[in-house]
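Have a look at the structure below, then the notes.
The values are calculated or read from the model by the stated rules, or taken from the named source; none is laboratory data. For clarity, every value in this text was computed on a predicted model and none was experimentally measured. Glycine also receives a Cβ, built like all others from the backbone with ideal geometry; neighbour counts cover every protein chain displayed.
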Ligand code: T5A
């Protein structure tokens, strides 16, 4: 089973994935946790370019770099793991590309879909948990425990995070459009709820799927 987590930066995906892994492991499920971009040696190098570069990257260049990272991860890790029955939990997948490069950067969605099809080899998640939060709230949450100024321009943010408020509002709109077109696959969760409440919702949905 392939389980993906989506949402804007700071929505709480990593927090929930860590809790889920602990729960599934306690149920004797063999779990493989991965993130995008990243997950292979080459994909991790691409991640560094995408997130840490101080130079501008063109929207198409950015799309192709995310897609190159994905191709490596899908072919080398995800497809083989699914083939032997592992539960794969993936922090972001192709919905991030639609939301960030499509709605955020404004790349044509038809062109984008054709590149997604190539990079995923047709791999589609069985279920996608989307954690919904307003961009300002997510930014606030990310830096709540520090004295870093709460603006989208500060140097502590990575290259993607510095894209600004309007960009993240468009990304969120993209996710909400994706959900309305893929109701069977997406589970939309209010990311403002307490961590434990969100975790219970996720486990309830997954246990129903496992037993179906
Ligand atoms: N990207 C990625 C693209 O543009 N296109 C693509 O195709 C792909 C695959 C990846 C970047 O690349 C972009 C999207 C991203 O900009 P990343 O570093 O992997 O970069 O970024 P994120 O996945 O966004 O990871 P973050 O760590 O920024 O956010 P998370 O994982 O959603 O949030 P998390 O769990 O770290 O939580 C953030 C803070 O909130 C608190 C946590 O304790 C933490 O302090 N928190 C809560 N507080 C209150 N209530 C709750 N319910 C909370 N849950 C968590």
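The table for this structure:
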read-out: Verdict on residue 178 being within 15 Å of the ligand (Cβ to nearest atom) and within 16 Å of the chain's Cα centre (by Cα); value: yes
read-out: Candidates 155, 177, 108, 184, filtered to the one that is surrounded by 12 or more Cβ atoms within 10 Å (Cβ to Cβ) and out of contact with any strand residue (DSSP E or B) (no Cβ under 8 Å at 6 or more places or on another chain); value: 177
read-out: Residue check, residue 150 modelled with pLDDT of 95 or more, more than 10 Å from the ligand (Cβ to nearest atom) and over 18 Å from residue 97 (Cα atoms); value: no
read-out: Pair list, Cβ under 6 Å, 6 or more apart: the range 1-28 residue within 19 Å of residue 78 (Cβ to Cβ), other residue away from the ligand (no atom under 14 Å from the Cβ) and outside any loop (DSSP other than H, G, I, E, B); value: 1/87; 2/88; 3/127; 21/31; 24/31
read-out: Segments classed as helices (runs of 4 or more DSSP H), wholly inside the range 14-109, with at least 2 members that are under 23 Å from residue 179 (Cβ atoms) and modelled with pLDDT of 95 or more; value: 59-73
read-out: Any hit, the range 120-128, residues being exposed (fewer than 15 other Cβ atoms within 10 Å of the Cβ) and in contact with a strand residue (DSSP E or B) (Cβ under 6 Å, 6 or more places away or on another chain); value: yes
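Yes/no per residue for (1) at positive phi; (2) within 14 Å of the ligand (Cβ to nearest atom):
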| position | (1), (2) |
| --- | --- |
| 76 | no, no |
| 85 | yes, no |
| 92 | yes, yes |
| 105 | no, yes |
| 111 | no, no |
